[in-house]
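Single-structure report; data block below.
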Amino acid sequence: MLVHLQTLGCRLNEAELETWAQDFKRAGHGITAQPEAAQLIVLNSCAVTQDAARKSRQLIRRIHRDNPQAKLVVSGCYATLNQQQAEAEMGVDLVIGNQDKDKLVDLALSELNLTSMPAQATEPGEFSLFTRGRQRAFVKVQDGCRYRCTFCIVTVARGEEKSRPIAAIIEEINTLHQQGIAEVVLTGVHLGGYGSDQGCNLADLIQAILAQTDIPRIRLGSLEPWELTDSFFELFENPRLMPHLHLPLQSGSDSVLRRMARRCKTQEFTEIIHRLRRQIPHFNVTTDIIVGFPGETEQEWQESFDYIAATGFGHIHSFTYSRREGTKASSLPGQVNNSLKKQRSAALHRLAEEMKLKFYQDNLGREFSVLWEGYSEPCGEDRQRVFGYTPNYLKVGCIVSRNRSVENQLITARLTEAGQNWIAGELAE
């Protein structure tokens, strides 16, 4: 049987897809990048915003329309929060909530009567990530969140915190490395809370990975800034831990942060950023910002905007506040009108582009080891532009001969010219 896997939303959803891909391969099935060729399609849905929930519904309908013969399994946050609605969608054969995600493959095969072929149920020779055109792997290390930020519906959908044992994570990373993966990204709903139910913490996990694996690159998913301990900062002395962190700020106004029930004030956030940048020059800090949170006054918006501009980020993922039933923020007074949200979002987008360009320019002339992707663009008859990422997560494009393959290799490049979405470079040959 051929299985096609699709996802919307966060890196944690990506990590879950990769786990399912391995499990389907071990059960004797193949992974296909072509949904029209699949006998089974699995969708990992999202509901972080109303728009994400809408896109999840649209994708369900499109999948069924394009391949009505395939069995369709829907999981993820949209399916968990809206189970009856998801089950009623045309073409959906099975809905599996977040609480049963670790059993998804077994449930799909048994409840849909999809027989496997035990003779083929061996360790996969060709890793599913490469079948799907990916060179790095997302590794889920925990799920759930103990905090209740007033805007967040994901904590409702994901439930209580649950961490995977360190030994299981080490085994997965070593398997990935054996299959050719050079970089793993550790992900979780509340990554900084890893180990709260295991008697350990995230720093312990990273230390174990550094000691018990030889994977060349380790990245971290989104981390709450108040979780960073002294021992955590010390880990970046090892060059295998990539100098890039995504630290969600959400707002640069302390009064807005209080209404959000965030646990890090702007001054504390500033101290974290300065410490990282003192420790490693050109450390890349990216962030999330919510625009138009309930009650956000013009003064608070200006405070936030000025703080973001003064701090500087390599990239900003901006969200226009989306009212989500079941969260405290949905009942807060002073809901900001959509036109004002759009104005503020546009201003933040312009600022974010300026900051990204400045960070690009600050890195010009430097040499980095780059992990090259499989994607390339033709440049004339005998040349191609290949793309990859530096340790501090800058996208680099270099021109090489058409017959040269650099995919999944770590090759040094010197950064020469800043573009809009990537930096031109030259391979150090």
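The values are calculated or read from the model by the stated rules, or taken from the named source; none is laboratory data. In this text the structure is predicted, and so the values were computed from the model without any measurement. When we count neighbours, we look across all protein chains shown, and the Cβ atoms used for this are built from the backbone with ideal geometry, even at glycine. Calculation scope for accessible area: heavy atoms of the full protein, side chains included, ligands and nucleic acids excluded. Shrake-Rupley method; radii C 1.70, N 1.55, O 1.52, S 1.80 Å.
Odds and ends about this structure:
- Of all the criteria given as (1) open to solvent by less than 10 Å² (accessible area, probe 1.4 Å); (2) within 21 Å of GLU87 (Cα to Cα); (3) not polar (S, T, N, Q), the one not satisfied by ALA21 is (2).
- Test: residue in the stretch 377-384 that is open to solvent by less than 50 Å² (accessible area, probe 1.4 Å), among the polar types (S, T, N, Q) and either on the phi > 0 side of the Ramachandran plot or in a strand (DSSP E or B) (or both): yes
- Looking across the stretch 154-189, just one residue is within 23 Å of PRO391 (Cα to Cα), among the hydroxyl-bearing types (Ser, Thr, Tyr) and under 18 Å from the mean Cα position of the chain (by Cα), and that is THR187.
- On the stretch given as the stretch 26-46, residues that are open to solvent by 10 Å² or more (accessible area, probe 1.4 Å) and either under 23 Å from the mean Cα position of the chain (by Cα) or closer than 19 Å to ILE60 by Cα (or both) total 9.
- Among residues of the stretch 399-429, those that are part of a strand (DSSP E or B), within 27 Å of the chain's Cα centre (by Cα) and among the hydroxyl-bearing types (Ser, Thr, Tyr), counted: 1
- Residue within the stretch 54-73 that is of a type in the set (A, V, I, L, M, F, W, C), modelled with pLDDT under 90 and crowded, with 21+ Cβ neighbours inside 10 Å present: no
- Residue count for the stretch 293-323, restricted to those that are open to solvent by 20 Å² or more (accessible area, probe 1.4 Å) and either closer than 14 Å to PHE151 by Cβ or in contact with a strand residue (DSSP E or B) (Cβ under 6 Å, 6 or more places away or on another chain) (or both): 8
This table checks each residue for (1) open to solvent by 30 Å² or more (accessible area, probe 1.4 Å); (2) more than 23 Å from ASP214 (Cβ to Cβ).
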{"site": "VAL141", "(1), (2)": "no, no"}
{"site": "THR150", "(1), (2)": "no, yes"}
{"site": "ILE166", "(1), (2)": "yes, no"}
{"site": "GLN178", "(1), (2)": "yes, no"}
{"site": "ILE181", "(1), (2)": "no, no"}
{"site": "VAL184", "(1), (2)": "no, no"}
{"site": "HIS190", "(1), (2)": "no, yes"}
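- Selected residue (criterion: nearest to HIS4 (Cα to Cα)) from residues of the stretch 77-110 that are in contact with a Leu (Cβ under 7 Å, 6 or more places away or on another chain) and crowded, with 21+ Cβ neighbours inside 10 Å: ALA108
- Screening SER331 on (1) within 27 Å of the chain's Cα centre (by Cα); (2) small (Gly, Ala, Ser); (3) within 30 Å of ALA52 (Cα to Cα) shows it passes everything except condition (1).
- Screening LEU364 against (1) over 30 Å from LEU257 (Cα atoms); (2) outside any strand (DSSP E or B); (3) out of contact with any Asp or Glu (no Cβ under 8 Å at 6 or more places or on another chain) leaves a single unmet condition, (3).
- Of the listed requirements (1) closer than 25 Å to ALA346 by Cα; (2) open to solvent by 10 Å² or more (accessible area, probe 1.4 Å), ARG240 misses just one: (1).
- Selection of the stretch 204-244 for residues being more than 21 Å from the chain's Cα centre (by Cα) and assigned to a loop (DSSP other than H, G, I, E, B) yields THR213, ASP214, THR229, ASN238, PRO239.
- Qualifying position, being within 24 Å of ARG263 (Cα to Cα) and surrounded by fewer than 21 Cβ atoms within 10 Å (Cβ to Cβ), among THR213, THR229: THR229
- If only residues of the stretch 270-292 that are in a loop (DSSP other than H, G, I, E, B) and out of contact with any strand residue (DSSP E or B) (no Cβ under 9 Å at 6 or more places or on another chain) are counted, the one that is nearest to THR229 (Cα to Cα) is ILE280.
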